[in-house]
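This report concerns only the one structure given below.
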Amino acid sequence: MIASLLEPKEGVGLEYGLSKWIRIDQAMIDAFADTTGDHQYIHTDPEAAKESPFGGTIAHGFLTLALLPQMVAEAVPKTANAETGVNYGFDRVRFVAPVRSGSEIRGRFTLARYSEPQPGVQEMMWNVTVEIRGEDKPALVAQWKNLFFEKKA
């Protein structure tokens with residue numbers, strides 16, 4: 001069942017949605033390598049990576065993680081009076097399967113926990129699975145926390 005975030009207190013345990021598929025191509029992987037300084041051959045050298053256990057280049061796990069904000073924006077409706085949302089952290093992140101260059105991934109979001117730690121603040125924990133099109137194992141599983149701040153009157 002796909003839920004609506006109009007009443008998040010009642011949505012714990014419900015799946016909120018799926019993002020669109022995102023193609024992870026070599027240009028994206030190379031740009032991420034330039035940004036992070038991680039130029040390990042399994043990410044940036046297609047010829048050398050053919051001899052690796054992966055048979056070709058793969059995306060950085062942190063590239064997959066960095067795409068979560070894009071995915072959640074597509075998959076999860078906004079709360080009615082939340083003006084600002086921020087990352088609060090992760091309780092768990094696992095990179096389960098490699099994302100090969102040319103693959104497509106998408107995020108699946110289930111609300112695991114909801115609280116209001118103080119007036120005007122909502123804390124949500126999401127169980128996130130990043131799927132790889134055509135693969136049985138996900139690329140990533142995580143427990144991701146966000147804070148949302150209500151609009152000031």
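The values are calculated or read from the model by the stated rules, or taken from the named source; none is laboratory data. Just so it is clear, the model here is predicted, and its values are computed rather than measured. Positions of Cβ are generated from backbone atoms using ideal geometry, with glycine treated the same way; all protein chains shown enter the neighbour counts.
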Notebook entry, point to check: If you go through region 3-16 one residue at a time, do you hit one that is exposed (fewer than 13 other Cβ atoms within 10 Å of the Cβ), at pLDDT below 95, over 19 Å from residue 130 (Cα atoms) and basic (Lys, Arg)?
Noted result: yes
Next item on the list: State whether the residues of region 76-90 include one that is surrounded by 19 or more Cβ atoms within 10 Å (Cβ to Cβ), in contact with a Leu (Cβ under 7 Å, 6 or more places away or on another chain) and touching a residue at least 40 places away in the same chain (Cβ under 8 Å).
Entry: yes
Next item on the list: Examine region 134-148 for a residue that is surrounded by 15 or more Cβ atoms within 10 Å (Cβ to Cβ), in contact with a Gly (Cβ under 6 Å, 6 or more places away or on another chain) and aliphatic (A, V, I, L, M), and state whether such a residue exists.
Entry: no
Next item on the list: Could you grab me the full set of residues in region 5-42 that are basic (Lys, Arg) and in a helix (DSSP H, G or I)?
Entry: 9
Margin query: Can you tell me which condition residue 34 does not meet? The list is (1) touching a residue at least 12 places away in the same chain (Cβ under 8 Å); (2) more than 26 Å from residue 148 (Cα to Cα); (3) exposed (fewer than 15 other Cβ atoms within 10 Å of the Cβ), and all the others hold.
Written below: (1)
Item checked: Subset of region 77-119 [hydroxyl-bearing (Ser, Thr, Tyr), at pLDDT 95 or above and not in a strand (DSSP E or B)] -> 101
Next item on the list: Mind counting the residues in region 37-54 that are within 18 Å of residue 102 (Cα to Cα) and touching a residue at least 12 places away in the same chain (Cβ under 8 Å)?
Entry: 6
Note to self: Can you report the number of residues in region 43-55 which are surrounded by fewer than 18 Cβ atoms within 10 Å (Cβ to Cβ), part of a helix (DSSP H, G or I) and in contact with a helix residue (DSSP H, G or I) (Cβ under 8 Å, 6 or more places away or on another chain)?
What the structure shows: 2
Checklist line | Residue under evaluation residue 152, criteria (1) closer than 13 Å to residue 65 by Cα; (2) surrounded by fewer than 19 Cβ atoms within 10 Å (Cβ to Cβ); (3) not aliphatic (A, V, I, L, M), criterion not met | finding: (1)
Checklist line | Matching entry among 127, 146 (being of a type in the set (S, T, N, Q), at pLDDT below 95 and closer than 30 Å to residue 58 by Cβ) | finding: 146
Notebook entry, point to check: Can you tell me which residues in region 132-143 are within 18 Å of residue 57 (Cα to Cα) and either outside any loop (DSSP other than H, G, I, E, B) or hydrophobic (A, V, I, L, M, F, W, C) (or both)?
Noted result: 132, 139, 140
Notebook entry, point to check: When you go through (1) surrounded by 14 or more Cβ atoms within 10 Å (Cβ to Cβ); (2) closer than 30 Å to residue 122 by Cβ; (3) within 19 Å of the chain's Cα centre (by Cα) one by one for residue 58, which number turns out not to apply?
Noted result: (2)
Margin query: Filter region 106-123 down to the residues that are in contact (Cβ under 8 Å) with a residue 40 or more places away in the chain and touching a Lys or Arg at 6+ places or on another chain (Cβ under 7 Å) and list them by number.
Written below: 106, 114
